[in-house]
Amino acid sequence: MGDFNCILRHNEKKGGLVTRTSVINDFSDWMDDNNLFEADALGRKYTCTNSQSSTHRIISKLDRAIINGAWLARFENCRCKAHPREVSDHSTLIGYPFVVPRPNRAPFRVQKMWFLHSDFSRMVSDSWNAPSHGSPDFIFPFKMKRLKVVMKDWNLRVFGNINSRLKQDQLCFETAVRNSDEDPTDTVKLNVMKEAMDILSETRLQKATMLKQKSRN
């Protein structure tokens, strides 16, 4: 699994010079001679880009998983998925399926990822400065309880389910990449893809901050 630096079919590349048929045949013959074949693939069709734009842009499928019959017999449900190109000019390849245990419900805690949001300080200030009446011994715990309720509501509205939002942002980015890959010379579609990448990166940072805090807890 990884970068084989060669395409297997002519339709696996857009832009740049046409790959020689002899090079493709060498790759294909090597697989046939060793009884190898490509694993079922999901996700991105084009896994590599030269990070250029307009007429200089090249996209191709250089990354794949190559398996044999013994592997398929033991891992018949295994698939390979090429994720969107986020931090590299190559897609990350992931083998599927994975079994992820359901997490236990956790008590309410202030999330450090909230501090990354520009609206967090305003939300806390508005809640804390809202009118309250009673003795000082009553007002402080009352404000704390009220702020907790406000934080929960704000977190649900602004962040929602971070895993669900991350998946949505990934889908938006994948769609933008697909649209850009259809016409590599279109700079408008390329800019839309870059904007979707920025949004996805911000969401990933928020989740990473949350996971880091959970690991410390």
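The values are calculated or read from the model by the stated rules, or taken from the named source; none is laboratory data. Bear in mind that the values here come from a model prediction, so they are computed numbers and not experimental data. Quick reminder, even Gly has a Cβ in these numbers, built from the backbone with ideal geometry, and neighbours come from all protein chains shown. Only protein heavy atoms, including side chains, enter the accessible area calculation; ligands, DNA and RNA are left aside. Shrake-Rupley method; radii C 1.70, N 1.55, O 1.52, S 1.80 Å.
Scoring 4-14, 54-64, 115-125, 136-146 by mean Cβ neighbours within 10 Å over their residues and listing the highest first yields 54-64, 4-14, 115-125, 136-146.
Each other residue within a Cβ distance under 14 Å of ARG216 adds +1 if Lys or Arg and -1 if Asp or Glu, for a net charge of +4. Based on Cα contacts under 8 Å between residues 6+ apart, the chain shows a relative contact order of 19 percent. The calculated pair-distance distribution of region 22-148 uses every alpha carbon pair, bins of 5 angstrom beginning at 0, and gives 2, 8, 10, 10, 10, 9, 8, 7, 6, 6, 7, 6, 4, 3, 2, 1, 1, 0 percent. With contacts taken as Cα pairs under 8 Å and at least 6 residues apart, region 110-217 reaches a relative contact order of 32 percent. Take the Kirkwood radius over Cα pairs of region 128-217, plug it into Stokes-Einstein at 20 °C and 1.002 mPa s, and you get 132 µm²/s for translational diffusion. Taking the square roots of 5 times each eigenvalue of the Cα gyration tensor of the chain, largest first, gives ellipsoid semi-axes of 49, 22, 10 Å.
A 1.4 Å probe run over the protein chains yields, for region 13-130, 66 Å² of accessible area per residue, whole-number rounding. Highest mobility in the GNM of the chain, judged by mean-square fluctuation with C-alpha springs under 10 Å and restricted to ALA41, ALA176, ALA70, is found for ALA70. Dipole of the chain, Cα-centred, from +1 at each Lys and Arg C-beta and -1 at each Asp and Glu C-beta, to the nearest 20 debye? Using only the charged Cβ atoms, the result is roughly 1400 debye.
Neighbours of THR19 by Cβ distance under 9 Å: Lys/Arg scored +1, Asp/Glu scored -1, total +1. Percent of C-alpha pairs per 5 Å bin in region 1-92, short distances first: 3, 13, 22, 23, 19, 12, 5, 2, 1.
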